[in-house]
Amino acid sequence: MKKTFPLHVPGKEDSKVVEAIKLQLTKYVKRERRKTLPPEFDVWDFACKVGSDSGTATEIPLPEVPQAVESVAKAGGAEVYVEIMASAGNRVKKPSSAQYQRREL
């Protein structure tokens, strides 16, 4: 999804417009996660960019997209550019730093 959303819509409060944008983005991510994965992959990865336009958009993790949209709106921008690209990937196991040992009583 590559889309530019207007932040000022006539007849609507700006805060309601921002909430509607965030809701639309959440629906898109949920829809993408429901798609079937290829057999060799086990998770969907999302590459996200948010900014006032496509040239100034910066890469951010998926959980920070709503805050980035709000920050563009608070900065007084007329529109916000959001890019969310889904790709299939594999989970990476985190190395265990501490080994648990059984205590003797």
For segment 2-89, alpha-carbon Rg relative to the globular expectation (2.2 N^0.38 Å, N residues) | 1.17
For Glu32, Glu104, Glu64, Glu40, ascending order of other Cβ atoms within 10 Å (fewest first) is Glu104, Glu40, Glu64, Glu32
In degrees rounded to 10, the 0-90 angle between helix 65-74 Cα long axis and the longest Cα principal axis of the chain is 30
Taking Lys93, Lys30 and counting other C-beta atoms within 10 Å, the order from fewest to most = Lys93, Lys30
Extending each Cα 7 Å along its Cβ direction at Ala88 and Tyr28, get the distance between those two points in nm, one decimal.
-> 2.2
Helical contribution to [θ] at 222 nm, DSSP H n ≥ 4, -39,500 (n - 2.57), averaged over the chain, rounded to 500 | -9500 deg cm²/dmol
If the cut-off is a Cα-Cα distance under 20 Å, which lysines reach Lys22, setting aside same-chain residues fewer than 8 apart in sequence?
-> Lys2, Lys3, Lys12, Lys30, Lys49, Lys74
So for Leu37, Leu25, fewest C-beta neighbours within 10 Å to most, what's the order?
-> Leu37, Leu25
Give a residue-ordered list of calculated ³J(HN,Hα) values for segment 51-58 (Karplus: 6.51 cos²θ - 1.76 cosθ + 1.60, θ = phi - 60°; whole Hz; x for Gly, Pro).
-> x, 6, 8, 5, x, 9, 5, 10
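Since every read-out is calculated from the coordinates, none of them should be taken as a lab result. Everything numeric in this text was worked out from a predicted model, so none of it was measured. All Cβ positions, even for glycine, are placed from backbone atoms using ideal geometry, and neighbour counts span all protein chains on display.
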